[in-house]
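Undergrad: Questions regarding the structure given below will be posed in turn.
The values are calculated or read from the model by the stated rules, or taken from the named source; none is laboratory data. Just so we're clear, the structure is a prediction, and the values are computed from it rather than from any experiment. Every residue, glycine as well, gets a Cβ built from its backbone with ideal geometry; the counts of neighbours run over all protein chains shown. All accessible areas refer to the heavy atoms of the entire protein, side chains included, with ligands and DNA or RNA removed. Shrake-Rupley method; radii C 1.70, N 1.55, O 1.52, S 1.80 Å.
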Amino acid sequence: VQLQASGGGLVQAGGSLRLSCAASGRTFSSNGMGWFRQAPGKEREFVAAISGSGGLINYAYSVKGRFTISRDNAKKMVFLQMNSLKPEDTAVYYCAARKTSYHSSRSDEYDYWGQGTQVTVSS
């Protein structure tokens with residue numbers, strides 16, 4: 001599975017961005033998908049995850065109510081809609097895929113990683 005993330009950019013606090021992640025692979029619906037982020041000088045942290053069917057979703061507490069993860073299995077894509085952005089959301093955002101359809105908040109349970117897309121939120 002190859003992953004290509006896009007949609008990052010510079011936005012003012014309170015603004016919105018939509019990240020996209022395009023996946024290769026024959027059975028995308030069998031892959032649990034997640035978004036993680038890493039700010040400068042910090043460890044990579046969990047943001048959101050979605051099961052292969054899209055029926056199970058989990059969010060980090062810090063983004064719950066502001067971010068929405070979704071997926072389109074026909075197009076082999078996963079999205080992260082980010083609203084009410086804050087300067088502390090500034091980070092490189094990565095999409096990741098598991099070999100199983102179950103989602104997870106643990107980065108060590110993901111098998112494939114995209115290259116990351118930069119999100120910068122100015123105050």
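Undergrad: Quick one: count up the residues across the range 49-82 that are of a type in the set (Lys, Arg) and over 13 Å from residue 31 (Cα atoms).
TA: 3
Undergrad: Still on this structure: Those residues that are part of a loop (DSSP other than H, G, I, E, B), open to solvent by 40 Å² or more (accessible area, probe 1.4 Å), small (Gly, Ala, Ser) and under 18 Å from residue 104 (Cα atoms), I need them from the range 60-76; list them, please.
TA: 62 - this is the single residue of the range 60-76 that is part of a loop (DSSP other than H, G, I, E, B), open to solvent by 40 Å² or more (accessible area, probe 1.4 Å), small (Gly, Ala, Ser) and under 18 Å from residue 104 (Cα atoms).
Undergrad: Would you confirm whether or not the range 6-19 contains a residue that is under 12 Å from residue 96 (Cα atoms), open to solvent by less than 60 Å² (accessible area, probe 1.4 Å) and assigned to a strand (DSSP E or B)?
TA: No: zero hits.
Every residue, every condition in (1) in contact with a Cys (Cβ under 7 Å, 6 or more places away or on another chain); (2) buried (at least 22 other Cβ atoms within 10 Å of the Cβ); (3) assigned to a strand (DSSP E or B); (4) of a type in the set (A, V, I, L, M, F, W, C), yes or no:
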| residue | (1), (2), (3), (4) |
| --- | --- |
| 47 | no, yes, yes, yes |
| 78 | yes, yes, yes, yes |
| 88 | no, no, no, no |
| 95 | yes, yes, yes, yes |
| 100 | no, no, no, no |
| 105 | no, no, no, no |
| 108 | no, no, no, no |
| 121 | no, no, yes, yes |
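Undergrad: Which ones in the range 20-45 are outside any strand (DSSP E or B) and farther than 19 Å from residue 73 by Cβ?
TA: Listed by number, the residues that qualify are 39, 40, 41, 42, 43, 44.
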